[in-house]
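See below for the structure under consideration.
Values quoted throughout were computed directly from the atomic coordinates according to the rules given, and no laboratory measurement underlies them. Computed from a prediction, not measured in an experiment: that's the story for all the values here. Backbone-built Cβ (ideal geometry, glycine too); neighbour counts: all protein chains shown.
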Amino acid sequence: MIMIMMLKNQILFFVIFLCFGIFYESVLRAEEISSDVAERFGKETRQHWNPEIPLNESAIKQSGIRRLESKYLTLYTDLNTSKQVDELPKLFDQLVPLLCNYFELNRQNYETFKVEGFLINDFEKFKSGGAVQQVPNLRNGYALRCRIWVRNPESEYYRRHLLLHEGVHAFMGYAFGFWGPPWYREGTAELLGTHRLENESLTLGYFPKSRNELLRWGRIDIVRDDMTKHHIRTINEIFKLESEDYDENTAYGWSWAFAVFCENHPRYKMAFRQTAWKLNGTPDEVAQHFLELLIKKVQNEQPELNKQEIINRLNNDWIDFVTNLDYDYDFERTRIDYNKNAQPISNSETQFQIQADKGWQSSGIRLERGKNYCFTASGRFQLAEKPKIWYSEPNGVTLRYYRGAPIGTLLATLIPDQEERFLATEGTLGIGFSTPQKIGLGKVWTAEVSGELFLRINDFPSELSDNNGNVTVKIIKTIP
């Protein structure tokens with residue numbers, strides 16, 4: 001009889017939850033997606049959460065586990081007393097208002113938000129009292145509703161990173177009712193978990209300036225190593241990542257890279273953030289929602305661009321970013337400006353200038369497939385100012401190389417027209433931002449596809465700010 005009653009209750013709960021989901025899905029369709037709508041959905045979802053498994057506080061204490069308390073976090077840990085450990089709840093209290101600002105949420109709605117956290121050095125100690133009953137195979141970190149678990153790493157920085165990462169998961173589940181697909185939930189948690197703590201003030205979404213700055217973090221190296229072994233992962237491949245892929249750190253690295261790429265580009269930033277307002281869909285639906293937000297924003301500013309052109313630019317920008325991903329990456333100077341009205345050379349020749357302190361720059365010229373072009377370049381420009389000024393000409397300085405070419409070398413590439421993208425063979429020199437053509441002082445080049453011509457000076461993406469000067473480029477269209 002008891003079993004029958006339990007089964008009836010479970011069926012009743014499922015029906016109520018199903019009806020609730022259908023109702024709120026209709027609300028989300030009917031209303032313009034906003035943080036207010038997302039918060040209402042999250043609040044209703046929380047009301048149907050299962051109650052937490054109660055802890056045996058006495059057994060936990062007898063196991064030598066300490067309890068630390070703050071406004072938003074109750075932290076249980078077996079680590080010895082230290083300033084770095086004991087101030088973690090205080091650090092967590094900074095996280096919550098920062099997340100409210102990031103997702104454009106009403107901070108007053110989170111005054112009662114509280115997380116139970118378990119920072120674990122000796123896993124065996126936590127088996128008493130039910131502390132790890134829900135995570136018997138904890139690897140690094142885990143979040144479930146408003147509970148988070150973290151295995152203590154060797155690095156003080158990485159300990160904070162894992163705590164913040166799992167805290168982001170707990171907050172998003174509480175705020176929105178859903179975490180979203182792996183690429184979004186892990187990308188966002190990695191983005192915001194990567195932090196800087198200076199004078200006890202927390203900064204989220206920090207981009208490291210050197211490899212040694214964030215000990216044991218290593219996301220940039222993870223991505224670069226994977227590219228060396230395999231290939232550049234496309235945005236669509238990142239959208240397709242599944243939960244089991246995150247058994248390896250490679251997936252975390254790529255998800256972080258895509259999140260930090262979006263966060264630091266004005267065309268993609270708000271679309272990425274506001275994707276959190278509608279996470280109750282399949283991975284494909286959430287990815288489509290992100291793209292729709294992005295297209296809407298761009299078309300509000302540039303109505304002349306169609307959807308496919310916007311998606312193509314997103315993919316091109318991503319390829320350039322991840323190809324050159326490095327510490328202290330200069331997001332501002334590497335940003336690419338496209339020219340929708342790029343035109344073929346009207347006469348036999350044209351001339352323009354390329355700045356030494358920027359990444360890829362549109363020439364405003366469209367090369368035509370099968371036509372021959374003679375490039376000549378001239379000019380003297382600065383590549384560095386410390387410890388002494390380095391000057392270069394377009395053939396580069398062979399004392400130092402970047403991506404297989406001397407720094408200072410003039411590079412060029414074509415971004416194929418939409419109707420000719422199928423002609424662009426992967427890995428062909430001069431097609432796409434990942435495979436530039438070396439121009440140097442001059443070169444004759446037969447265009448394999450028709451497309452917009454981009455040029456840049458070869459240099460590290462972290463070292464563009466001390467460059468100065470221009471290169472004058474002349475192009476003559478010759479008879480095939």
Would you kindly give the portion of the calculated P(r) for the chain that falls above 27 Å, as a percent of all Cα pairs?
62
Which lysines, on any chain, are close to LYS388 with Cα under 24 Å apart, when same-chain ones fewer than 8 places away are left out?
LYS209, LYS358
Determine, for each peptide in 253-262, 139-148, the mean count of other beta carbons within 10 angstrom over its residues, then list the peptides with the highest first.
253-262, 139-148
Between region 64-116 and region 375-449, how far is it from one alpha carbon centroid to the other, in angstrom?
49
Sorted largest first, extent of region 202-329 alpha carbons per principal axis (Å)
44, 34, 31
Work out, in µm²/s and without decimals, the Stokes-Einstein translational diffusion coefficient of region 35-177 at 4 °C, 1.567 mPa s, Rh from Kirkwood over C-alpha pairs.
83
Order of ASP122, ASP245, ASP337 under a 10 Å beta carbon neighbour criterion, fewest first
ASP337, ASP122, ASP245
Using 0.36 nm per residue of separation minus the Cα-Cα distance, give me the extension gain between TRP49 and GLU154 in nm, one decimal.
34.3 nm
So how far apart, in nm, are the two label points at GLU304 and LYS83 if each is 7 Å from Cα heading toward Cβ?
5.8
Relative contact order [Cα under 8 Å, 6+ residues apart], the chain, whole percent
12
Residues ILE53, ILE222, sorted so that the one with the fewest Cβ neighbours within 10 Å comes first
ILE53, ILE222
Rounded to the nearest 500, what is the chain's calculated 222 nm mean residue ellipticity when only DSSP H runs of at least 4 contribute -39500 (n - 2.57) each, over all residues?
-11500 deg cm²/dmol
What ranking do GLU242, GLU263, GLU213 get, fewest neighbouring Cβ atoms within 10 angstrom at the top?
GLU242, GLU213, GLU263
Tell me, how many Å apart are the Cα centres for region 166-218 and for region 125-158?
17
Where in region 135-164 is the amide nitrogen less than 17 Å from a point lying 7 Å along the Cα-to-Cβ axis of ARG67?
147-148
Straight-line reach from LYS297: which aspartates and glutamates have Cα under 19 Å away, leaving out those fewer than 8 places along the same chain?
GLU31, GLU32, GLU104, GLU263, GLU285, GLU309, ASP317, ASP337
Note the angle between two axes, namely the Cα long axis of helix 182-193 and the longest principal axis of the Cα atoms of the chain, as a number of degrees from 0 to 90, rounded to the nearest 10.
90
Can you give the angle from 0 to 90° between the axis of helix 156-176 and the longest principal axis of the chain, with both taken from C-alpha atoms, to the nearest 10?
80
FRET efficiency (SER58, ASN315; Cβ distance; R0 60 Å; to 0.05) is 0.60
Rounded to the nearest 10 degrees, what's the angle between the helix 2-30 long axis and the longest principal axis of the chain, both from Cα atoms, 0 to 90?
40
Report P(r) for region 360-480: all Cα-Cα distances, bin width 10 Å, range 0 to the bin holding the largest distance, values in whole percent.
14, 44, 30, 11, 1
Could you name the lysines in cross-link range of LYS71, using Cα to Cα under 22 Å and dropping any fewer than eight places away on the same chain?
LYS43, LYS61, LYS83, LYS90, LYS114
Based on the Cβ-Cβ distance from ARG196 to ASP225, what FRET efficiency comes out when R0 is 22 Å, to the nearest 0.05?
0.35
